[in-house]
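Structure first, then comments.
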Amino acid sequence: MDFEGKVLEILPPVTGQSARGTWERQTVVFEQPNKQYGKELAVTFMNKGQDVANLRIGETYIVSFDIESRKYQDRWYTDVRAWRVQPVQAQPSAPMHDMPPFVEEPQPSYAGGGAGVVDDIPF
């Protein structure tokens, strides 16, 4: 799934050790535009420190994510985990209407026997 959101806050990274090795988790809070009350969404980035380092507060991005839930000590926890983040591309600029049209260069004319022109076509 994807959503478009503006970065509101970048929380500090949290690191830890598991049986599979060292991990790093960082949460970024996005504001979703076009929502009636400006809904915020906290998104978790697992082992994607470089992706988070490229984010800028106030900039808008397209975030691809998965929703994961797990049970721990009889309680359920849900994460929104990002797996890709891309900046929103600016709209391509419209062509400028005040530019003059391109003019083709005139091609030399070989008819008329001008000076320096060799006519090698037989009669």
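The values are calculated or read from the model by the stated rules, or taken from the named source; none is laboratory data. Fair warning: this is a prediction, and the values are worked out from it, not measured in the lab. Reconstructed Cβ throughout: ideal geometry from the backbone, glycine too, with neighbour counts over all protein chains shown. These area figures cover heavy atoms from the full protein model, side chains too; ligands, DNA and RNA do not enter into them. Shrake-Rupley method; radii C 1.70, N 1.55, O 1.52, S 1.80 Å.
Restricting attention to region 88-96, does a residue exist that is assigned to a strand (DSSP E or B) and either surrounded by 14 or more Cβ atoms within 10 Å (Cβ to Cβ) or at pLDDT below 95 (or both)? No, region 88-96 contains no residue that is assigned to a strand (DSSP E or B) and either surrounded by 14 or more Cβ atoms within 10 Å (Cβ to Cβ) or at pLDDT below 95 (or both). Taking region 28-50 as the range and being modelled with pLDDT of 90 or more, open to solvent by less than 40 Å² (accessible area, probe 1.4 Å) and not hydroxyl-bearing (S, T, Y) as the test, the residues that pass are V28, V29, F30, V43, F45. Residue count for region 68-83 under the criterion of being within 30 Å of the chain's Cα centre (by Cα) and open to solvent by 100 Å² or more (accessible area, probe 1.4 Å): the result is 1. Per the listing G21, G49, G58, G16, the residue uniquely of a type in the set (G, A, S) and closer than 11 Å to K6 by Cβ is G58.
As a summary of the residue check, Q32 satisfies the conditions (1) free of Cβ contacts under 8 Å to residues at least 24 places away in the same chain; (2) more than 20 Å from P13 (Cα to Cα) except for the one numbered (1). Filtering region 51-66 to residues that are open to solvent by less than 100 Å² (accessible area, probe 1.4 Å), under 20 Å from V14 (Cβ atoms) and not polar (S, T, N, Q) leaves D51, V52, A53, L55, V63, F65, D66. Among the residues making up region 15-35, those that are under 25 Å from the mean Cα position of the chain (by Cα) and at negative phi are E24, R25, Q26, T27, V28, V29, F30, E31, Q32, P33, K35.
Kindly indicate the residue of region 15-27 that is in contact with a Phe, Trp or Tyr (Cβ under 9 Å, 6 or more places away or on another chain) and exposed (fewer than 15 other Cβ atoms within 10 Å of the Cβ) and also farthest from R81 (Cα to Cα) among those meeting that condition. My answer is Q17.
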